[in-house]
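Trainee: First the structure, then my questions, so here it is.
The values are calculated or read from the model by the stated rules, or taken from the named source; none is laboratory data. In this text the structure is predicted, and so the values were computed from the model without any measurement. Neighbour counts run over all protein chains shown; Cβ positions are idealised from the backbone, glycine included.
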Amino acid sequence: MSGHGTPIPMTSRKCGPLKGEARVPGDKSISHRSLILGALSVGETRISGLLEGEDVLDTAKAMRAFGAEVVDHGGGNWSVHGVGVGGFAEPENVIDCGNSGTGVRLIMGAMATTPITATFTGDASLNKRPMARVTDPIALFGARSYGRSGGRLPMTIVGAETPVPVTYTTPMPSAQVKSAVLLAGLNAPGQTVVIEAEATRDHTERMLAGFGAEISVEDVPEGRRITLTGQPELKPQVIAVPRDPSSAAFPVCAALIVEGSDVLVPNIGLNPTRAGLFTTLREMGADLTYENERFEGGEPVADLRAKFSPDLKGIEVDPARAASMIDEYPILSVVAAFAQGDTVMKGVKELRVKESDRIDAMAKGLRACGVEVEEGEDWWIVKGRGHGNVPGGATCESHLDHRIAMSFMCLGMAAENPVSVDDGAPIATSFPIFEALMADLGADIVRTAG
Ligand code: S3P
């Protein structure tokens, strides 16, 4: 759980070329889902390559609290002995999801149609984030929720005694909301339908099918329509978690802006609902190539090679691509600072309700580092200064947000003056080996006295 400990200030200095292989950890979204779906199966699910970041470890603890047997076998190998759909026990204590919106929202959905009561809390960041986006749809199944004002955590959910299936159109592009509704639908009789106007990451749909649920997806005039038949017996799986494209984004983007760099990031999942950043970077003129393209576990995978790209240009990012790169805008804004011209990012108001208000957090830090940024409620523009012309030299606030902290550390690798963050501790939520991995490539990041 981040945010409970001592802040870890960090400083990143301009470094020589980044070179070598960056083996980034397992995918965060798939790791959470592996544990939750494993806990809802009958029998033993085995997982390799699980992301052992704080967010996922909090979900593992939560699954134990709901009655599953979750065992860490070391080296990213875990097993989950599930209790079956509808088999969750009532937790004896408060469920602390730390920093993780994905963890808390998916687990709320997963318990909403079982007649038990659970209370959820998180760190200072999570307790500010909106939960009505999940409590509204689970109320339609018959669940009740009692939270703080504005639908904030801590919050108690009373699961439905006699759940009814639901047809729900998500009011915002959110894989967490879609997934919460589908997980709630698992223990409702009949068919639960979710309609989303824009495609968001589809790991829940793919994995539910893998676990043996009856689920279908069709394109309809309103968007994507997902139909799930309730009360299946989920069958345990053997899951190899692919490496996280959202974590790969940091060494990839750092290599593009640090002179002379050549970094290979092997075995990255390129599911189209996740890979929007890489398309955008290529449009900006990045020297980014896919090597050894293949399919693994039904997902497209490749090794990414990123090389220093001195002639990056600002572009208008296609807003239709926003959902497929929603976690990557902070690091994209760093690359944009080193490009020539404006990078325009529209249709991104969801960035304001992530682990932090990511537009505000990046805009403040970039400005402090000498980069001009304009912003509105759902758009922002970074005015690129070109390579060799980004001043840096500021301490930026990470606002308990791992991706903000890592983005500013990458900025420091290529800026003219060192860049610091007040607190790099949240990096451990999603990318616990970030400092070591970047140091191996040649980065100069140090923990500084507070
Ligand atoms: C996630 C969905 C996204 C993303 C988050 C992980 C998921 O959130 O930002 O990091 O695993 O479903 P939203 O559903 O809020 O867009």
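Trainee: Given the criterion hydroxyl-bearing (Ser, Thr, Tyr) and touching a helix residue (DSSP H, G or I) at 6+ places or on another chain (Cβ under 7 Å), identify the matching residue among Thr119, Thr113. Break it down stepwise before answering.
Mentor: Working: Thr119 fails: touching a helix residue (DSSP H, G or I) at 6+ places or on another chain (Cβ under 7 Å).
The conditions single out Thr113.
Trainee: Further, regarding this structure: Taking into account only those residues within region 192-227 that are under 23 Å from Gly87 (Cα atoms), aliphatic (A, V, I, L, M) and away from the ligand (no atom under 14 Å from the Cβ), which is surrounded by the most Cβ atoms within 10 Å (Cβ to Cβ)?
Mentor: Filtering first and then ranking leaves Ala213.
Let's see how each residue does on (1) touching a residue at least 60 places away in the same chain (Cβ under 8 Å); (2) of a type in the set (Phe, Trp, Tyr); (3) crowded, with 24+ Cβ neighbours inside 10 Å; (4) more than 25 Å from Leu264 (Cα to Cα):
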site	(1), (2), (3), (4)
Val353	yes, no, no, yes
Ala368	no, no, no, yes
Arg385	no, no, no, yes
Phe408	yes, yes, yes, no
Ala436	no, no, no, no
Gly442	yes, no, no, no
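Trainee: Look at Pro154 and say whether it is in a strand (DSSP E or B), of a type outside the set (A, V, I, L, M, F, W, C), touching a helix residue (DSSP H, G or I) at 6+ places or on another chain (Cβ under 9 Å) and in contact (Cβ under 8 Å) with a residue 40 or more places away in the chain. Spell out the reasoning first.
Mentor: Working: in a strand (DSSP E or B): yes; of a type outside the set (A, V, I, L, M, F, W, C): yes; touching a helix residue (DSSP H, G or I) at 6+ places or on another chain (Cβ under 9 Å): yes; in contact (Cβ under 8 Å) with a residue 40 or more places away in the chain: yes.
Answer is yes for this residue.
Trainee: Given the structure, is Val177 within 16 Å of the ligand (Cβ to nearest atom), of a type outside the set (S, T, N, Q) and either surrounded by fewer than 23 Cβ atoms within 10 Å (Cβ to Cβ) or within 16 Å of the chain's Cα centre (by Cα) (or both)?
Mentor: Answer is yes for this residue.
Trainee: Hey, another quick one. Considering region 25-61 alone, what residues qualify as being away from the ligand (no atom under 15 Å from the Cβ) and either in contact with a Ser or Thr (Cβ under 7 Å, 6 or more places away or on another chain) or more than 28 Å from Leu441 (Cβ to Cβ) (or both)?
Mentor: The answer is Gly38, Ala39, Leu40, Ser41, Val42, Gly43, Glu44, Thr45, Arg46, Ile47, Ala60, Lys61.
Trainee: Still on this model: Can you find, within region 240-271, the residue that is nearest to Asp444 (Cα to Cα) among those that are modelled with pLDDT of 95 or more and part of a loop (DSSP other than H, G, I, E, B)?
Mentor: Within region 240-271, the match that is nearest to Asp444 (Cα to Cα) is Val258.
Trainee: Being surrounded by fewer than 22 Cβ atoms within 10 Å (Cβ to Cβ) and aliphatic (A, V, I, L, M) is the filter here, so list the residues in region 86-122 that pass it.
Mentor: Ala89, Val94, Ile116
Trainee: Looking at region 151-164, which of its residues are more than 29 Å from Ser324 (Cβ to Cβ) and either of a type outside the set (S, T, N, Q) or crowded, with 20+ Cβ neighbours inside 10 Å (or both)?
Mentor: Pro154, Met155, Ile157, Val158, Gly159, Ala160, Glu161, Pro163, Val164
Trainee: If you don't mind, another one. Could you tell me how many of the residues in region 119-149 are in a helix (DSSP H, G or I) and farther than 21 Å from Pro171 by Cα?
Mentor: Qualifying residue count, region 119-149: 1.
Trainee: Which number in (1) assigned to a helix (DSSP H, G or I); (2) out of contact with any strand residue (DSSP E or B) (no Cβ under 6 Å at 6 or more places or on another chain); (3) modelled with pLDDT of 95 or more marks the one condition that Lys178 misses?
Mentor: In the conditions (1) assigned to a helix (DSSP H, G or I); (2) out of contact with any strand residue (DSSP E or B) (no Cβ under 6 Å at 6 or more places or on another chain); (3) modelled with pLDDT of 95 or more, Lys178 misses (2) alone.
Trainee: Please specify each residue of region 285-336 satisfying the condition of being part of a strand (DSSP E or B) and closer than 27 Å to Ser100 by Cβ.
Mentor: Glu296, Glu299, Pro300, Val301, Leu304, Val317
Trainee: Would you mind telling me which numbered condition in (1) crowded, with 16+ Cβ neighbours inside 10 Å; (2) part of a loop (DSSP other than H, G, I, E, B) Pro189 fails?
Mentor: (1)
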